[in-house]
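Undergrad: Before I ask anything, let me first share the structure, which is written out below as structure tokens.
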Amino acid sequence: MDNTAQETTVESAVESALPAVGDIVTGTVDKVVGALVIVNLGDAGTARIDQQNLFLDGGQMPQAGDAIEAKVVSVNNGVELSRKYVEAERLLATLRDHMSNGTPVQGTVVGIQKSKKGYEVRLSEMRAVCAVAEFDPRHERCSRRFVNQSFEFLISDISEGQNGRTRISVSRKALLEEESRRLGVMMEERFKVGDVVKGHVSNVAKFGVFVDFGDKIEGLIPFAELSHQRVEDPASVYKKRQEVEVKVISIDGARNRLSLSVRQLTPDPWVTFTDANPAGTALKGKVTRLMDFGAFVELAEHVEGLIHIGSIALARVNHPSEHLSEGQEVDVVIEEIVRGDRRRIRLMTPEVAETRKPLDFEVKEGVVITVPVIEANAKGVVVMIGGSFSGFIPAGETDTARSANLTEVFPAGREVEAKIMSVDSRRGRVRLSIKALRTHADEVAFKSYKSEERAAGKGFNSSPFADLENLFK
């Protein structure tokens, strides 16, 4: 064989030994020169790896003699290698194993997506995304307070995107749900309804205050349970890390909810006051607010009652300011105490209270009485019964023309005869009628006749008075 043939054979052998682009090769680090790592590939000769292609995200430089695996990215002007692909494939294989087994991986939130729909998460040297709803179902939008914090994630999907890059999606939702169940069990074992315990304020919101008890157990003091008095802004009363003593009022282990109360640790001023001052009690108070419908009166510290506009005076009141002013001290009588969720104290002035006392004399329907007029208006006539109780004759029962001016027809002090139509004994209110007097005599005569007939054992079905009986029913 001549020299030319031998050279051709050697060149062909060398070319066949060279790796192709895309091959995965293994070699030994020969030396490190600046930012270049020279790798001995044996029969394939030497290759180089630029430092920027050594790692996915940082790492220590290899030393001479270290074995190294890499991917061939170019064979022009020598063999050029990159370890990034090998590392990425190895990491992806590990992540796929975690996804198949359902085991969590540690990740760090490194930022928020431009769309604001999720977080960017670093898993070792790989990037992943976590949607807001998968990060924590309680949050509706991303928060920068989670950036640079590490959490456990489950791999939910690994796929190749349209640009050829691998897309990894992660989630904390299932882990949080499992953690919630675990904490719920622990919560039910540790607390009982009625327990008085101490914790530290972890967060203050408009709807209440969160309290931390350690071991990731957290409870909530709802807004209504902060105090017996109205708290305009919880943040003005409670600060983070402040120690608080609370009462456990409900436990829902299945939903990991612990409800607390500060209010129930102290006596309720409203209950204390109403227990000591039942309906009918006369006392003094201070007018705090005037409204169109009445006046609020402070009866004791943190205890208010309401005088309805109809309970301020006997005569018609258009607005409470006609008789009362803010800051004024007034005499009042407790008319009614309503307990429960809609609790309230209804008040009246002593003048009105006199007319609402239970009647201590016989006043019943059908009786005709003569009473003095207190006042008259377009709606009817107010009269006084027995010197202390008010009665009312509606305009339609005054037996006057529709166009009549009742104020002129029934001046104050005039005595009128009227028939009692209904009686509210509890509130001392009587409804009367002058118009009913027209048929009163006939009704009395008929009832007397009917009584006599019944006594004689006679019926009225065939009586000529049957129609009258229906009339006077």
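Any read-out appearing in this document is the output of simple, stated calculations on the displayed coordinates, not a laboratory observation. Bear in mind the structure is a predicted one, so any value in this text is a computation, not a measurement. Quick reminder, even Gly has a Cβ in these numbers, built from the backbone with ideal geometry, and neighbours come from all protein chains shown.
Undergrad: In Å, what is the Rg of the alpha-carbon atoms in the stretch 68-130, and how long is Dmax?
TA: 15.8, 46
Undergrad: Can you give me the relative contact order of the stretch 93-171 as a percent, contacts being Cα pairs under 8 Å and 6 or more apart?
TA: 33 percent
Undergrad: Same structure, new question: Take the Cβ-Cβ distance between residue 73 and residue 189 as r, set R0 to 51 Å, and report the resulting FRET efficiency rounded to the nearest 0.05.
TA: Step by step, r from the Cβ atoms, then E = 0.30.
Undergrad: Taking a virtual spin label 7 Å from the Cα of residue 165 along the C-beta vector, which residues in the stretch 117-139 bring their backbone nitrogen under 14 Å of it?
TA: Output list for this probe position: 120-123, 126-130.
Undergrad: Could you check the spin-label model distance between residue 346 and residue 108? Points 7 Å from the Cα along Cα→Cβ, value in nm.
TA: 6.8 nm
Undergrad: Also, quick follow-up: Taking neighbour Cβ counts within 10 Å as the exposure measure, how do 373, 147 sort from fewest upward?
TA: 147, 373
Undergrad: On average over all directions, what projected area in square nanometres does the stretch 238-316 have, based on the convex hull of its Cα atoms? Don't jump to the answer; show the numbers that get you there.
TA: Details: hull surface 37.5 nm².
Over all viewing directions, the stretch 238-316 projects a mean Cα-hull area of 9.4 nm².
Undergrad: Quick check: pseudo-label points 7 Å beyond the Cα along Cα→Cβ at residue 378 and residue 63, how many nm apart are they?
TA: That separation, rounded to one decimal, is 10.6 nm.
Undergrad: Quick one: what does P(r) look like for the stretch 118-161 with 5 Å bins over all Cα pairs, in whole %?
TA: 5, 18, 34, 25, 11, 6, 0
Undergrad: Hey, what does the equivalent ellipsoid look like for the stretch 262-360, semi-axes from the Cα gyration tensor as sqrt of 5 times each eigenvalue, largest first, whole Å?
TA: 24, 16, 11
Undergrad: Now a separate question. Between residue 227 and residue 252, 0.36 nm times their residue separation minus their Cα-Cα distance comes to what? Spell out each step's value before the answer.
TA: On the way: separation 25, 0.36 × 25 = 9.00 nm, distance 2.27 nm.
The span from residue 227 to residue 252 would gain 6.7 nm if fully extended.
Undergrad: For a quick protection proxy, order the peptides 345-351, 192-198 by their average other-Cβ count within 10 Å, most packed first.
TA: Order by mean packing, descending: 345-351, 192-198.
Undergrad: While we're here: How large is log10 of I(q)/I(0) for the stretch 294-417 at q = 0.10, 0.13, 0.14, 0.21 Å⁻¹ when the intensity is taken from the Debye formula with one equal scatterer per alpha-carbon?
TA: -0.41, -0.66, -0.74, -1.19
Undergrad: Can I ask one more? In square nanometres, what is the average projected area of the Cα convex hull of the stretch 194-265? Please list the in-between numbers first.
TA: Values: hull surface 18.0 nm².
The orientation-averaged projected area of the Cα hull of the stretch 194-265 comes to 4.5 nm².
Undergrad: Hey, another quick one. Send over the per residue convex hull volume for the stretch 93-171, Cα only, as a whole number of Å³.
TA: Each residue corresponds to 93 Å³ of Cα convex hull volume.
Undergrad: For the stretch 368-433, what Kirkwood radius comes out of the mean inverse Cα-Cα distance, in Å?
TA: 11.7 Å
Undergrad: Still on this structure: Mind listing the phi-derived Karplus ³J(HN,Hα) values for the stretch 180-185, rounded to whole Hz, using 6.51, -1.76 and 1.60 with θ = phi - 60°, and x for any glycine or proline?
TA: After applying 6.51 cos²θ - 1.76 cosθ + 1.60, I find 5, 4, 5, 5, x, 5 Hz.
Undergrad: For the stretch 271-286, take each phi angle, set θ = phi - 60°, evaluate the Karplus expression 6.51 cos²θ - 1.76 cosθ + 1.60, and give the result in whole Hz per residue in order, putting x for glycine and proline.
TA: 5, 4, 5, 5, 5, 8, 9, x, 4, x, 6, 9, 7, 10, x, 10
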